[in-house]
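Undergrad: My questions all concern the structure below.
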Amino acid sequence: MTLPGQLLPLTRPPPAPPVLSSRRSRCPPPAAHAHAWGSPPPLWRAYRLNDRFLHPPRQFRAPARAPRAPTPRGVSAAGGGEARAAAVAEFVTSERVKVAAMLGLALALCNADRVVMSVAIVPLSQAYGWTPSFAGVVQSSFLWGYLMSPIIGGALVDYYGGKRVMAYGVALWSLATFLSPWAAGRSIWLFLFTRVLLGIAEGVALPSMNNMVLRWFPNTERSSAVGIAMAGFQLGNTIGLLLSPIIMSRTGIFGPFVIFGLFGFLWVLVWIPAISGTPGEHAQISAYELEYITKGQKLVKPQIGSAKTKKVPPFSKLLSKWPTWALISANAMHSWGYFVILSWMPVYFKTIYHVNLREAAWFSALPWVMMAVLGYVAGLVSDTLVRNGTNITLTRKIMQSIGFLGPGIALLGLNAAKSPIIASAWLTIAVGLKSFGHSGFLVNLQEIAPQYAGVLHGMSNTAGTFAAILGTVGAGFFVDRMGSFRGFLILTSLLYFSSALFWDIFATGERVDFDGTG
């Protein structure tokens, strides 16, 4: 038995748990604490050192922590918020985001050039005495050209890459837009030809965008990249709808055609030297970003000049799989609703609520701002679901279901609206929720067939263009016969619901074997 004040033999305390290992120990090194009796002391015994009693630390298990996302080189993972801020800063200043921004600008010009006619059709119809049915034909002339190019353009994108094809596309559609006033002064047929040429050139825009996203972004960022690009696409609608009446009031009906055409030429002059077709070809990309993109993507590397690239795409095998038809159906319904709303909403607000042209343009433009914002939000949500382990197939079905069921319900609300403000609110909901489809079928093209993404996009775009022509022209004839848009909006809602069901049954996020015998 020890007497009070008597020093106990120095003994080795149990090792500190890992979570405390980083603290500075006040005890001598473990070698100086060898237990005199060769066995650990009882837990109740205290240790006296330098006239202080030390109690053995309680044994406990360190709490499990979820693994942190990788941080850029040179940043400690223990930095917490600083590491996340550095990762965000790296993303915002990266070369791949510049690519997405330039794609967004191209798609903004794409939509601004096509939407000018949605505003100009009202004064043109008054000037030339066009009926609503013939105005629908004029509106759809763009789609005649758009019908011709997606499959061929998609094949060109798969062969030459998105950078080159996008440059030619923007240059050609800007030329067609710029020449529209000259053509209109000659004849209506020449004017229609420029609209057809515009459609042919713009048919390569989305396949080129998809190809560039596939090459430049890892799997966990593709929905966000598409969201950025498609935000530009929707803002192009807003720019065209809002600026066109203002420009027309000062320069005449064809002023917006000239201005938007010139901006397209300027974009090409920036795109060619500033952007490369692949990250490996970019002279200024950092080693970290290049490694990050390469490790984070499952990319079928282009084989320019190889026999594999030059062979004819297996159209029969592509069409023999249900996931292909799910994409075709989704694109068709998306295009039906998109072009009906884009082409006819200014006329809808003018004829149903008797507002002037500028007010009609404002009511029609606000929904596209919401679509741009929600499209990017949908991309972030989709990428977060994938990063957190949600099955890709389920993620795509969730996104696309929102993109179809939401607009279907909102159009029924639009149909019952009694004022232009309420109608614009329902239209904003419908168009905004449509953007969730960008993280559904539009990203799904890269997942089920990365080596044929361009051709598959072209095939589904062709079906979508057929649907857009049918919807745009059909709406005009429907109004001629029935005197109202209301029945047509109900039909469109029913088509949205049926398309959501078809997608949820047959879509997949897994790669489909289009080259084998399966």
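Undergrad: Please count how many residues of segment 400-423 are in contact (Cβ under 8 Å) with a residue 40 or more places away in the chain, open to solvent by less than 10 Å² (accessible area, probe 1.4 Å) and under 15 Å from Phe349 (Cα atoms).
TA: Count: 3.
Undergrad: Which of the residues that make up segment 421-454 are modelled with pLDDT of 85 or more and not in a helix (DSSP H, G or I)?
TA: Gly440
Undergrad: Looking at (1) in a loop (DSSP other than H, G, I, E, B); (2) open to solvent by 50 Å² or more (accessible area, probe 1.4 Å); (3) modelled with pLDDT of 80 or more, which is the one condition that is false for Ile304?
TA: Condition (3) is where Ile304 drops out.
Undergrad: For segment 204-213, name all the residues that are part of a helix (DSSP H, G or I) and open to solvent by 10 Å² or more (accessible area, probe 1.4 Å).
TA: Those that are part of a helix (DSSP H, G or I) and open to solvent by 10 Å² or more (accessible area, probe 1.4 Å): Leu206, Asn211.
Undergrad: Specify the residue that is most open to solvent (accessible area, probe 1.4 Å); the eligible residues are those in segment 451-469 that are over 14 Å from Phe134 (Cα atoms) and of a type in the set (A, V, I, L, M, F, W, C).
TA: Step by step, filter segment 451-469, then rank; the result is Phe466.
Undergrad: Could you tell me which residue of segment 204-220 is farthest from the chain's Cα centre (by Cα), considering only residues that are β-branched (Val, Ile, Thr) and closer than 18 Å to Gly162 by Cα?
TA: Filtering first and then ranking leaves Val204.
Undergrad: Within segment 485-496, can you find the residues that are surrounded by fewer than 17 Cβ atoms within 10 Å (Cβ to Cβ) and touching a residue at least 40 places away in the same chain (Cβ under 8 Å)?
TA: Across segment 485-496, the qualifying residues are Arg486, Ile490, Leu494.
Undergrad: Additional query: Please verify whether Gly437 is in contact with a His (Cβ under 6 Å, 6 or more places away or on another chain), crowded, with 23+ Cβ neighbours inside 10 Å and not basic (Lys, Arg), treating the condition exactly as stated.
TA: Taking the combined requirement at face value, the residue satisfies it.
Undergrad: Something else about it: Cβ-Cβ under 9 Å, sequence separation 6+ or interchain: first residue in segment 502-514 and free of Cβ contacts under 8 Å to residues at least 24 places away in the same chain, partner open to solvent by less than 60 Å² (accessible area, probe 1.4 Å) and in a loop (DSSP other than H, G, I, E, B). Which pairs?
TA: So the pair list comes out as Asp513/Lys321.
Conditions (1) of a type in the set (Asp, Glu); (2) open to solvent by 10 Å² or more (accessible area, probe 1.4 Å); (3) in contact (Cβ under 8 Å) with a residue 40 or more places away in the chain; (4) more than 15 Å from Ala167 (Cβ to Cβ), marked per residue:
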site: Gly185; (1), (2), (3), (4): no, yes, no, yes
site: Glu202; (1), (2), (3), (4): yes, no, yes, no
site: Arg222; (1), (2), (3), (4): no, yes, yes, yes
site: Gly236; (1), (2), (3), (4): no, no, yes, yes
site: Leu242; (1), (2), (3), (4): no, yes, yes, yes
site: Met248; (1), (2), (3), (4): no, yes, yes, yes
site: Phe257; (1), (2), (3), (4): no, no, yes, yes
site: Gly264; (1), (2), (3), (4): no, no, yes, no
site: Gly277; (1), (2), (3), (4): no, yes, yes, no
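Undergrad: Can you tell me which of (1) open to solvent by 10 Å² or more (accessible area, probe 1.4 Å); (2) in contact with a Pro (Cβ under 7 Å, 6 or more places away or on another chain); (3) modelled with pLDDT of 85 or more is the one Val377 doesn't meet?
TA: The number of the failed condition is (2).
Undergrad: So, in segment 470-503, exactly how many residues are touching a helix residue (DSSP H, G or I) at 6+ places or on another chain (Cβ under 8 Å), assigned to a helix (DSSP H, G or I) and either at pLDDT 90 or above or within 14 Å of Gly337 (Cβ to Cβ) (or both)?
TA: Here the count works out to 18.
Undergrad: With respect to Thr428, determine if the residue is surrounded by fewer than 24 Cβ atoms within 10 Å (Cβ to Cβ), touching a residue at least 24 places away in the same chain (Cβ under 8 Å) and of a type in the set (S, T, N, Q).
TA: Criteria met by Thr428.
Undergrad: Quick one: in segment 92-128, which of the residues that are open to solvent by 20 Å² or more (accessible area, probe 1.4 Å) and under 16 Å from the mean Cα position of the chain (by Cα) is modelled with the lowest pLDDT?
TA: In this case the residue turns out to be Val97.
Undergrad: So is Ser224 within 13 Å of the chain's Cα centre (by Cα) and either among the hydroxyl-bearing types (Ser, Thr, Tyr) or not in a helix (DSSP H, G or I) (or both) or not?
TA: yes
Undergrad: Can you name the condition, by its number, that Leu385 falls short on among (1) among the hydrophobic types (A, V, I, L, M, F, W, C); (2) touching a residue at least 40 places away in the same chain (Cβ under 8 Å); (3) open to solvent by 30 Å² or more (accessible area, probe 1.4 Å)?
TA: (2)
Undergrad: Being more than 24 Å from Phe506 (Cα to Cα), of a type in the set (A, V, I, L, M) and surrounded by fewer than 19 Cβ atoms within 10 Å (Cβ to Cβ) is the requirement here; does Val340 meet it?
TA: So Val340 fails the test.
The values are calculated or read from the model by the stated rules, or taken from the named source; none is laboratory data. None of these values were measured; they are calculated from a predicted model. Quick reminder, even Gly has a Cβ in these numbers, built from the backbone with ideal geometry, and neighbours come from all protein chains shown. To get the accessible areas, we keep the full protein, side chains included, count just its heavy atoms, and leave off ligands, DNA and RNA. Shrake-Rupley method; radii C 1.70, N 1.55, O 1.52, S 1.80 Å.
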